[in-house]
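Visitor: If you scroll down you'll find the structure; I have some questions about it.
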Amino acid sequence: MMNDMDTHDGLLKPGERIDELQRNNYRIIQNTEKFCFGMDAVLLTGFAKVLPGETVLDLGTGTGIIPILLEAKTQGKHFYGLEIQKESADMARRSVILNKLEDKIDIVEGDIKEASKIFGTASFDVVTCNPPYMNHNHGIVNPDSAKAIARHEILCTLEDILREAAGVLKPNGRLYMVHRPFRLVDIINTCSKYKLEAKKMKFVYPYIDKEPNMVLIECVKGGGRNLTISAPLIVYKEPGVYTDEILEVYGFWRAGQAPSWNHKKGR
């Protein structure tokens, strides 16, 4: 993590910091008082498959963590991030500049509900999304607006996201999403409504003897109805000690080494 005195030619604003991403020497600008990416976003970039030459859209990109990591991990042709919050989109754009990725990543300020109008239908091979997990029936809404929007379906609903994902995907295009297991019935039903058929799921468990608290989902536009459940992903061997698979996803190859920065998301 860089200190506040290192402004990187004016890319940092008050209250912001730069965190290392352990991939290609990439870094990201974050504001811990507003919004920081979480493990869910990182795990999604380890689960999503982007083939050489494919174009990718990240819906609700926040500060751009998913496009930046996917650019580092894959041979995709071009990556786009759509974000409605002006401050987050601005941080994402500055992170793109920081990493000299202007020719590979575009950050677009706009509404997920208008994605197919902004980009056009059947425009992308892959769509990714780390959406708000809670609807109006779940949880207490955070008084901080940025965190509330990240956590609750305030500016868009699950149906908005899946409708627009289906709209911008090419035939047989793939949607990769991370969500909470308690929303699975809603997710599967709504995906089917928009011809997004779930093809693969991977459940994420905090510990081997606990219930899963995340699920990673791959859907194919117009795909057949055969679903594969992948081997589970366990986050911790014991309190404070990540499993080797988590270390690999993060890019920490030496077993037992943990990230040196706080990656808690405003959810």
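Visitor: List the aspartates and glutamates whose Cα sits under 20 Å from the Cα of residue 104, skipping any in the same chain fewer than 8 residues away.
Guide: Result set, ordered by chain and number: 20, 54, 58, 71, 83, 90, 125.
Visitor: Still on this structure, please answer the following. Give me D for the range 47-94 in µm² s⁻¹, whole number, from Stokes-Einstein with Rh from the Kirkwood sum over alpha-carbon pairs, 4 °C and 1.567 mPa s. Could you put the intermediate results ahead of the total?
Guide: On the way: Rh = 10.8 Å.
Translational diffusion coefficient: 120 µm²/s.
Visitor: Calculate the FRET efficiency for residue 33 and residue 90 from the Cβ-Cβ distance with a Förster distance of 22 Å, rounded to the nearest 0.05.
Guide: On the way: r = 15 Å, r/R0 = 0.69.
After rounding, the FRET efficiency stands at 0.90.
Visitor: Next up: For the range 75-125, what does the relative contact order come out to in percent, with C-alpha contacts under 8 Å and a separation of six or more?
Guide: On the way: 44 pairs, mean separation 23.0, N = 51.
Reported as a whole number, the value is 45 percent.
Visitor: Determine the relative contact order of the range 16-250: mean sequence separation of Cα pairs under 8 Å and six or more apart, normalised by residue count, in whole percent. Provide the component values of the computation, followed by the final result.
Guide: Numbers: 496 pairs, mean separation 37.6, N = 235.
This gives 16 percent for the range 16-250.
Visitor: Let me ask you something else. Among DSSP bridges having both ends in the range 16-250, what percentage is antiparallel? Round to the nearest 5.
Guide: Details: 22 of 46 bridges.
Roughly 50 percent of the DSSP beta bridges within the range 16-250 come out antiparallel.
Visitor: A follow-up question, please. How do 116, 88, 230 rank when sorted from fewest to most other Cβ atoms within 10 Å of their own Cβ?
Guide: Numbers: 116 17, 88 24, 230 12.
By the 10 Å Cβ count, ascending, the order reads 230, 116, 88.
Visitor: From the cross-link list 49/117; 13/100; 49/237; 73/100; 117/200, which pairs have alpha carbons spaced over 21 Å apart? Could you put the intermediate results ahead of the total?
Guide: On the way: 49/117 25 Å; 13/100 19 Å; 49/237 26 Å; 73/100 16 Å; 117/200 28 Å.
Pairs exceeding the cut-off: 49/117; 49/237; 117/200.
Visitor: Moving on. Provide the per-residue ³J(HN,Hα) series for the range 48-58, in order, calculated from phi with Karplus coefficients 6.51, -1.76, 1.60 and θ = phi - 60°, each as a whole number of Hz, with x at glycine and proline positions.
Guide: Using θ = phi - 60°, the values come out as 5, 10, 10, 8, x, x, 7, 10, 10, 10, 9 Hz.
Visitor: Oh, and also: In nanometres, what is the gap between the two model label sites at residue 241 and residue 211, each 7 Å from Cα along Cα-to-Cβ?
Guide: Each label point is offset 7 Å from its Cα along the Cβ direction, giving 2.7 nm.
Visitor: Can you find, among 126, 32, 198, the residue farthest towards the positive end of the dipole of the range 16-250? Put +1 on the C-beta of Lys and Arg, -1 on that of Asp and Glu.
Guide: Checked the options; the winner is 198.
Visitor: Show which lysines lie in cross-link reach of residue 193 when reach means a straight Cα distance below 17 angstrom and same-chain residues fewer than eight apart are skipped.
Guide: Cα-Cα hits under 17 Å: 113, 170, 221.
Visitor: Between the alpha-carbon centers of the range 84-114 and the range 181-215, tell me the distance in whole angstrom.
Guide: The distance from the Cα centre of the range 84-114 to that of the range 181-215 comes to 28 Å.
Laboratory data are not the source of any read-out in this text; all were calculated from the coordinates shown. Here the structure is a predicted model, which means the values were calculated and not measured. Because the Cβ atoms are built from the backbone with ideal geometry, glycine has one as well, and the counts that use them run over all protein chains shown.
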